[in-house]
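Here is the structure we will look at, set down as structure tokens.
The values are calculated or read from the model by the stated rules, or taken from the named source; none is laboratory data. From a predicted model like this one, the values you see are computed outputs, not experimental measurements. Because the Cβ atoms are built from the backbone with ideal geometry, glycine has one as well, and the counts that use them run over all protein chains shown. Just so you know, the surface numbers come from the protein's heavy atoms only, side chains and all, with ligands and any DNA or RNA stripped out. Shrake-Rupley method; radii C 1.70, N 1.55, O 1.52, S 1.80 Å.
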Amino acid sequence: MDTMNAMSLLSSIARQISGHSVSRLIVAYSGGVDSHVLLHLCASDAQLKDKLTAVYVHHGLQPQAEAWAEHCQHSAQALSVNFKVLRVNAMPQPGESPEEAARNARYSALKDLIAPDCALLVAQHREDQLETVLLQLFRGGGLRGLSGMPESMVFGLGVMLRPLLNIAKQDIMDYARTHQLQWIEDPSNAHSDYDRNFLRNAIVPLLKQRWPALDKTVSRSAVHCASAETMLGHIAQTWFLTVFNVDDNTLSLQRLLAFETAQHAHIIRAWFQHLGLKMPAQGFVTRILVEVVGARQDSEPLLTGQGVSIRRYRDKLYCLKQMQPAVLVDMRWPKGAVSVLMANKQWLSCMPATQGIAEEKWLNATVVIKFRGGGEKIALPKREGRHALKNLFQEAGIPPWQRAAIPLVYLDDKLAAVGDKWINAEFYTENEAALRLVLQRQD
């Protein structure tokens, strides 16, 4: 990379940063040649240098990790750049590869540093993009995967930028040698046990013998895929909004099935994205459509996976985060308390109102919260007879799995209210001081 190219790259970095109105820059600094070149480039610009902090993530996976941290600190000091070490636990969880565990630990730690006025700079370059696209291709990735890594993305409360993503590895090496930089060589990079290292060490060099500009052309293909993915995402969002029920985050099955079969998977993915969930694998989307959407009308299908449960009730498709079932226990409402927190992480509150449970009856009674045992009935204001809760739940369209968690409020051993949904006619008033119950889930 000659002086002119370095100046051009610096100008590009400055322009990319200025587009995000950030006042602090954090460089993910491993001490390797790529991150060292990025840090050196930024530190050579007076306007960028004052904003810089180099951050070394100490995974503790290599015997040399402590020495590497010291090397990075000395290198940052030589450039008069602020420096910080983050120590993480990168041991893999069940089902996690060592690569994935280290990456997740690294990004989780870095994410905590990124405030709204902050950008994280990472040194991934064009050959990293090539490897990413090839890995996604070999794993059967769709447009999203084949789009590779974006130049910028939301990260933490700020943004992540990849200023070197369109730069060739050779240009980075030329810059490092021209400026006589000293960098760390991680010995694990020479091992081809990991997929990315196998590609880098054995496959890409062979491919580039035949197609020397492979990194550039595949990077261009990734841009095309990203453009198509963005366009399709916008279209899928319009489909999704016609199917989505805002009040309970469900999908209408009737409206979903009005679309062509090929559109269903895109709507499901838009749903997951709206809920802030990890994108579902193609196989899981297929199972949702076959095992849940396509189940018999009289069934209650349940599909679990990827940390969620997919259920269907009547015309609605539900996506629920998997949680340990709470042990529901009876509890007495403390005298004078406005709210109580129950074992299932729900708050039940009593608020002043113009209609609801008569305040006098509430204050003069022993109030106890219980949960369904079966067979409960309640008399409702302005309706004749007594009504089984089972029938009321069905009438209100409350899914079966939600019913057990709805608290039953007893005044002096008489069922006075069912959550915030129904009040016993015996305790109901419209013309006196009253209390209304409000049921909320704790975040």
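Give the residue that is surrounded by the fewest Cβ atoms within 10 Å (Cβ to Cβ), with candidates limited to residues of the range 395-419 that are charged (D, E, K, R) and closer than 30 Å to Ser299 by Cβ.
Step by step, filter the range 395-419, then rank; the result is Glu395.
Among the residues of the range 52-67 satisfying the criterion of being under 23 Å from Pro163 (Cβ atoms) and surrounded by 18 or more Cβ atoms within 10 Å (Cβ to Cβ), which is modelled with the lowest pLDDT?
Val57
Just give me the residues in the range 182-215 being open to solvent by 60 Å² or more (accessible area, probe 1.4 Å), under 31 Å from the mean Cα position of the chain (by Cα) and not hydrophobic (A, V, I, L, M, F, W, C), in sequence order.
Within the range 182-215, Asn189, Asp193, Tyr194, Asp195, Arg196, Arg200 meet the criteria.
Filtering the range 426-443 down to residues that are over 27 Å from Ala343 (Cα atoms) and loosely packed, with under 14 Cβ neighbours inside 10 Å, which residue is modelled with the highest pLDDT?
So, considering only residues that are over 27 Å from Ala343 (Cα atoms) and loosely packed, with under 14 Cβ neighbours inside 10 Å, the one modelled with the highest pLDDT is Glu430.
Please give the number of the condition Ser299 fails out of (1) part of a loop (DSSP other than H, G, I, E, B); (2) open to solvent by 60 Å² or more (accessible area, probe 1.4 Å); (3) among the small types (Gly, Ala, Ser).
Checking Ser299 against (1) part of a loop (DSSP other than H, G, I, E, B); (2) open to solvent by 60 Å² or more (accessible area, probe 1.4 Å); (3) among the small types (Gly, Ala, Ser), the one that fails is (2).
Scanning the range 378-394 for residues that are part of a strand (DSSP E or B) and touching a residue at least 24 places away in the same chain (Cβ under 8 Å), which turns out surrounded by the most Cβ atoms within 10 Å (Cβ to Cβ)?
Looking at residues that are part of a strand (DSSP E or B) and touching a residue at least 24 places away in the same chain (Cβ under 8 Å), I get Ile378.
Are any residues in the range 246-296 more than 30 Å from Leu137 (Cβ to Cβ), open to solvent by 50 Å² or more (accessible area, probe 1.4 Å), of a type in the set (A, V, I, L, M) and outside any loop (DSSP other than H, G, I, E, B), and if so, which ones?
Leu257
What are the pairs with Cβ atoms under 8 angstrom where one residue, in the range 166-183, is under 17 Å from His125 (Cα atoms) and the other, located anywhere, is open to solvent by 80 Å² or more (accessible area, probe 1.4 Å) and in a helix (DSSP H, G or I)? Sequence gap at least six, or different chains.
Ala168/Lys216
How many of the residues in the range 140-181 are more than 25 Å from His234 (Cα to Cα) and either open to solvent by 40 Å² or more (accessible area, probe 1.4 Å) or under 20 Å from the mean Cα position of the chain (by Cα) (or both)?
The total comes to 9.
Looking at Ala222, is it free of Cβ contacts under 8 Å to residues at least 60 places away in the same chain, part of a helix (DSSP H, G or I) and among the aliphatic types (A, V, I, L, M)? Give the derivation first.
Details: free of Cβ contacts under 8 Å to residues at least 60 places away in the same chain: no; part of a helix (DSSP H, G or I): yes; among the aliphatic types (A, V, I, L, M): yes.
So Ala222 fails the test.
For the range 80-138, enumerate the residues that are open to solvent by 70 Å² or more (accessible area, probe 1.4 Å) and small (Gly, Ala, Ser).
Ser80, Gly95, listed by residue number.
Could you grab me the full set of residues in the range 302-347 that are assigned to a strand (DSSP E or B), open to solvent by 40 Å² or more (accessible area, probe 1.4 Å), of a type in the set (S, T, N, Q) and over 30 Å from Tyr410 (Cα atoms)?
Just the residues of the range 302-347 that are assigned to a strand (DSSP E or B), to begin with: 302-305, 308-313, 316-321, 331-332, 339-341, 346-347.
Going one step further and asking which of them are open to solvent by 40 Å² or more (accessible area, probe 1.4 Å), we end up with 302, 304, 311, 316, 320-321, 331-332, 339, 341, 347.
Those still in the list that are of a type in the set (S, T, N, Q) too: 304, 339.
Thr304 - this is the single residue of the range 302-347 that is assigned to a strand (DSSP E or B), open to solvent by 40 Å² or more (accessible area, probe 1.4 Å), of a type in the set (S, T, N, Q) and over 30 Å from Tyr410 (Cα atoms).
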